[in-house]
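The values are calculated or read from the model by the stated rules, or taken from the named source; none is laboratory data. Nothing here was measured: the structure is a model prediction, and the numbers come from that model. Here Cβ is always computed from backbone atoms with ideal geometry, including for glycine, and neighbour counts include all displayed protein chains. Remember, those area values only see protein heavy atoms, side chains included, never the ligands or the DNA or RNA. Shrake-Rupley method; radii C 1.70, N 1.55, O 1.52, S 1.80 Å.
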Amino acid sequence: MRILIANDDGIDAPGIALAEEAARKLSDDVWVVAPEAKRTAAGSSLTVGRPLFMTETAPQRFSCSGTPADCVVTAMTWVFKDGAKPDLVLSGINDGPNVAEDIAYSGTLGIAREATFWGIPAIGMSRVKNPQLGTDDADYLARLIGRLWQERQHWVLDGHWLSINLPAALPAQLRQARIGRDKIASTSDVISQNGARTELLVPRGRMGTGKDGDENDLLGQGHATLTRLSWLGHRTVDDAVMSALTGK
């Protein structure tokens with residue numbers, strides 16, 4: 001099994017090292033393509049029409065000057081151009097949970113989303129801040145990823161990927177979570193003002209509010225959470241609205 005690992009915290013982040021350790025328990029064909037520096041909240045943004053710089057830091061390990069999603073694009077169009085594409089993309093492990101509105105903002109989930117554009121199964125992994133790191137964490141993750149791979153016929157669909165959030169302590173019971181709401185930007189701090197120009201800072205962090213069964217609620221109880229996401233979701237407009245718009 002060929003595994004590609006990427007993240008949005010940078011190639012030297014502790015989370016990607018843990019993901020790589022877990023992946024190597026499942027395969028001897030593991031590749032890493034990750035941003036050269038932290039690219040938090042980059043979402044699915046891509047670098048188009050401007051140069052990207054790739055640096056080989058070790059065999060089968062590359063840093064990319066672009067965004068998290070660029071890592072998938074450069075892997076598919078350059079790293080694996082003349083070889084077999086990955087069987088699985090692992091994204092993360094992000095430094096902090098990806099819940100609620102993070103589905104739209106997260107570079108970690110942007111990687112997984114981009115992988116589905118290339119027809120590759122993907123799992124985005126995130127963990128709460130300041131986890132209680134244990135010697136068996138990689139074993140737990142390898143077992144979890146391995147079971148998901150064995151059951152992939154039940155969750156791998158076109159345009160779908162998985163998001164896993166991990167609590168502070170592992171091992172943890174895995175629960176399927178409801179997508180909650182938790183504003184990522186509830187305030188802006190004024191840093192300076194100079195005439196018509198105002199410098200603002202949107203601070204990191206959030207309220208961490210949760211309702212029964214959502215990601216924050218289950219993480220707070222010490223569970224790991226799983227959510228299957230899709231970029232194919234849409235809802236039809238009511239026939240009455242269409243009739244009013246088309247004059248029929």
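Of the residues that sit in region 155-173 and are farther than 19 Å from N7 by Cβ and of a type in the set (G, A, S), which one is least open to solvent (accessible area, probe 1.4 Å)? If we take residues in region 155-173 being farther than 19 Å from N7 by Cβ and of a type in the set (G, A, S), then G159 is least open to solvent (accessible area, probe 1.4 Å).
Might you let me know whether region 21-44 holds any residue that is of a type in the set (S, T, Y) and without any contact (Cβ under 8 Å) to a residue 40 or more places away in the chain? Give the derivation first.
So the first thing to find is which residues in region 21-44 are of a type in the set (S, T, Y), and the list is 27, 40, 44.
Remaining after also requiring without any contact (Cβ under 8 Å) to a residue 40 or more places away in the chain: 27.
Yes; the residues of region 21-44 include at least one that is of a type in the set (S, T, Y) and without any contact (Cβ under 8 Å) to a residue 40 or more places away in the chain.
Pairs are defined by a Cβ separation below 9 Å, a sequence spacing of at least 6 or placement on different chains, a first member in region 88-111 that is farther than 17 Å from K183 by Cα, and a second member that is part of a strand (DSSP E or B) and of a type in the set (D, E, K, R); the pairs so defined are L88/R2; G92/R127; I93/R127; N94/R127; D95/R127. Residue-level check: of (1) assigned to a strand (DSSP E or B); (2) open to solvent by 30 Å² or more (accessible area, probe 1.4 Å); (3) under 16 Å from A122 (Cα atoms), E199 misses just (3). Within region 66-87, does at least one residue satisfy the condition of being surrounded by fewer than 24 Cβ atoms within 10 Å (Cβ to Cβ), part of a strand (DSSP E or B) and at pLDDT 95 or above? Among the residues of region 66-87, not one is surrounded by fewer than 24 Cβ atoms within 10 Å (Cβ to Cβ), part of a strand (DSSP E or B) and at pLDDT 95 or above, which makes the answer no. Can you tell me which condition N165 does not meet? The list is (1) under 24 Å from R39 (Cα atoms); (2) over 18 Å from the mean Cα position of the chain (by Cα), and all the others hold. Result: N165 fails condition (2) only. Residue check: D158 meets all listed conditions (1) part of a helix (DSSP H, G or I); (2) over 24 Å from R24 (Cβ atoms); (3) of a type in the set (D, E) but one, namely (1). In region 1-22, the residue that is surrounded by the most Cβ atoms within 10 Å (Cβ to Cβ) out of those that are in contact with a helix residue (DSSP H, G or I) (Cβ under 7 Å, 6 or more places away or on another chain) and small (G, A, S) is A6. Quick check on region 95-117: of everything there that is of a type outside the set (A, V, I, L, M) and part of a loop (DSSP other than H, G, I, E, B), which residue is modelled with the lowest pLDDT? Result: E101. Listed conditions (1) at pLDDT below 95; (2) outside any loop (DSSP other than H, G, I, E, B) are all met by I184, apart from (2). Of the set (1) of a type outside the set (D, E); (2) open to solvent by less than 40 Å² (accessible area, probe 1.4 Å); (3) over 24 Å from W231 (Cβ atoms), all apply to T47 but (3).
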